[in-house]
Amino acid sequence: MTDLATMLWKEVVELVGNRRSLRIYVMAVLIMGLLPTLTRPRGMPPGIAAVMLLGYAVFSSVVVAAQAAPDLVLRERAGRTLETLLASRLSDAAIFGGKVIMAAVLGWSAALLTVAVQLIALHLRDAGAPWQWSYLALVQGRVVLLAGVPLLGVYLGTVGSFVAMRVGDQRPAYTVTMLSAGLLVLPVALHLVPLSLTPAGVAHAVAALAVVDLLLVALAVRFFRRSQLILFLQD
Amino acid sequence: MGEAAIVCRSVSRRFGTRTAVAELDLEIDRGSVFGLLGPNGSGKTTTVRLLLGLLSPHVGTVRVCGLDPVPDGERVRARTGVLFDQPGLYERLTAWQNLELAGRIARLDPAERRRRAEAGLRRVELWERRADRVSGFSKGMRQKLGIARALLAEPELLILDEPTSGLDPVNIKMLRDLLLGLAQEGGRTILLCTHHLDEAQRICDRVGILRNGRLVAVGTPEGLGNDGGVHAVRIHGRRLDVAAASDLALPAGAHLRLLEGDPPAARLECAGPQDVERVVAALVAAGAGLQAVVPERRSLEETYLAIVGGEAP
């Protein structure tokens, strides 16, 4: 845990100086926070509006996490700091876990901030009306935001970090990570799994994502090897 | 000295069909400064990676501080400070934050981290720049900061892989003085991989020359020419021209050349002292009157060039 905390400390301090990542983060939050609120027709049924708003919050977390995960790794490769990390006493799990958790935390915080922006924008738009808690009033909304989004961040962080370790280029790594998010909705899109927005249906979907995360992280840790990474750096 | 800090026995490592390190036998005493020399692609960096457990050997055994770096990689790396030719510092972090990170990685408590970071920055004369981001540092400053970082955990073993590579002469001297200071402190084993032969000559207790992944010579910088490479002697005497006139039987690989000038002299290059004896005996038998046989001392650079055959260092 100490090593993981060290890696997270390093990622946070580095992020503060990374204008590009911060710009993407702020833009995702503002666009996903303001745009749907401003364009939402006033007469939209509350249920549909809630799903739409929640979708924007989730999407902002996907954009941020999918960008952050490869970026965290590729910056290390470009700056030759990855070799320094690999030559340190940090464990493989701490190096890899630090990247994944940081990407997940960034994605999750982006979703939470997007929600805050949405609520404030709604309140300002409907001046005088009581505060609207939108989808947060629903169990499904809270489950998605408090459990589903962090799990989605772990998924994207794992895929993004792992791909970036091997690909070595931002654009393809980002594209593959974004496409991997699409894989998650494939079973529903192919009607292999029925779409259910009931509390039980959403809870099952989040539980299934947790299982996928566990398997993916276990696989990634299994295949994250210093000896392999050194060869990639050598090439 | 005593116990060895690094022991490699018949170590080989391949990448595909290319052999990067071949049957490497190396022993570096604890507390000594060892220079690993060789042209680009000779296997120096692969050797460093094998020592750190970042690569595993295909054949042979490696021991660093008594540990096998493959299963005990974390423990080996915890006892080792490393600086590569690219120091791998975090550009967006300040000098202080880079050392802070190294201290956290070494699991030092906050007070000790601060104490060592300050001492390290003062030592490399970067204390005044501690709050500046590394992105604004020159290459020389980065290398100095890299050394401070490598030393922060007070490692038993310090590995410096081309630390002066790409530096201008002023920075090379500055960094060399720093390394010389480290070497003179003693108590720490230093493995210095370098292209700069004069650097190795000044700093190292012993040097080894790698060529095509093989360690072809090991010895002290002064003695390497006579101990590990080709022997050269100068022969003084009368009637040395018998060497040219008669069919003098020279041992394989030996070359005898008459030198111009007075008094007469000849230069003999051969594989070892036994060959010198044989040639001297042959010359005497052929009628030459020998007065003196003087071994030639060669510089490390001459020895290096003789061994690697003029490949760029």
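Please indicate, with yes or no, whether at least one residue in the range A:172-180 is in a helix (DSSP H, G or I) and closer than 16 Å to residue A:208 by Cβ.
Taking the range A:172-180 as the starting set, the residues that turn out to be in a helix (DSSP H, G or I) are A:172-180.
Now drop any that are not closer than 16 Å to residue A:208 by Cβ, which leaves A:180.
Checked the range A:172-180: at least one residue is in a helix (DSSP H, G or I) and closer than 16 Å to residue A:208 by Cβ.
Are any residues in the range B:195-209 in contact with a helix residue (DSSP H, G or I) (Cβ under 6 Å, 6 or more places away or on another chain) and over 10 Å from residue B:33 (Cβ atoms), and if so, which ones?
Filtering the range B:195-209 down to residues in contact with a helix residue (DSSP H, G or I) (Cβ under 6 Å, 6 or more places away or on another chain) leaves B:197, B:199, B:201, B:203, B:207, B:209.
Within the range B:195-209, B:197, B:199, B:201, B:209 qualify.
Give the range A:177-234 a look and list any residue that's of a type in the set (Val, Ile, Thr), within 15 Å of the chain's Cα centre (by Cα) and over 18 Å from residue A:160 (Cβ atoms), or say none.
Selection gives A:206 alone.
Kindly provide the set of residues from the range B:69-96 that are among the acidic types (Asp, Glu) and at the interface with chain A (Cβ under 7 Å from one of its Cβ atoms), ordered by number.
B:74, B:91
Take the range A:20-38 and flag every residue that is open to solvent by 30 Å² or more (accessible area, probe 1.4 Å) and either under 19 Å from residue A:73 (Cβ atoms) or over 19 Å from the mean Cα position of the chain (by Cα) (or both).
A:20, A:22, A:24, A:25, A:34, A:35, A:38
Can you run down the residue pairs with Cβ atoms below 9 Å, 6 or more apart or on separate chains, where the first is in the range B:119-148 and farther than 20 Å from residue B:160 by Cα and the partner is surrounded by fewer than 17 Cβ atoms within 10 Å (Cβ to Cβ)?
Listed by first residue and then by second, the contacts come to B:127/B:118; B:129/B:136; B:130/B:118; B:133/A:17; B:135/A:17.
Mind telling me which of the residues A:147, A:189, A:203 ends up being open to solvent by less than 40 Å² (accessible area, probe 1.4 Å) and among the aliphatic types (A, V, I, L, M)? Spell out how you get there, then give the answer.
Numbers: A:189 fails: open to solvent by less than 40 Å² (accessible area, probe 1.4 Å); A:203 fails: open to solvent by less than 40 Å² (accessible area, probe 1.4 Å).
Matching residue, one of A:147, A:189, A:203: A:147.
Given the criterion out of contact with any strand residue (DSSP E or B) (no Cβ under 9 Å at 6 or more places or on another chain), at negative phi, surrounded by fewer than 18 Cβ atoms within 10 Å (Cβ to Cβ) and hydrophobic (A, V, I, L, M, F, W, C), identify the matching residue among B:167, B:175, B:180, B:145.
Just a single option satisfies the conditions, and that option is B:180.
Does the range B:183-200 hold any residues that are more than 9 Å from the chain's Cα centre (by Cα), surrounded by fewer than 18 Cβ atoms within 10 Å (Cβ to Cβ) and either hydroxyl-bearing (Ser, Thr, Tyr) or more than 20 Å from residue B:120 (Cα to Cα) (or both), and which are they?
B:198
Considering only the range A:63-111, state which residues are open to solvent by 10 Å² or more (accessible area, probe 1.4 Å) and in a loop (DSSP other than H, G, I, E, B).
Within the range A:63-111, A:79, A:80, A:88, A:89, A:91 qualify.
Looking for something closer than 25 Å to residue A:85 by Cβ and among the β-branched types (Val, Ile, Thr) - is there at least one such residue anywhere in the range A:200-220?
Yes: the range A:200-220 contains one or more residues that are closer than 25 Å to residue A:85 by Cβ and among the β-branched types (Val, Ile, Thr).
The values are calculated or read from the model by the stated rules, or taken from the named source; none is laboratory data. Computed from a prediction, not measured in an experiment: that's the story for all the values here. In this analysis, Cβ positions are derived from the backbone assuming ideal geometry, glycine residues included, and neighbour counts consider all displayed protein chains. Note: accessible area is taken over every heavy atom of the protein model, side chains too, but ligands, DNA and RNA are not part of it. Shrake-Rupley method; radii C 1.70, N 1.55, O 1.52, S 1.80 Å.
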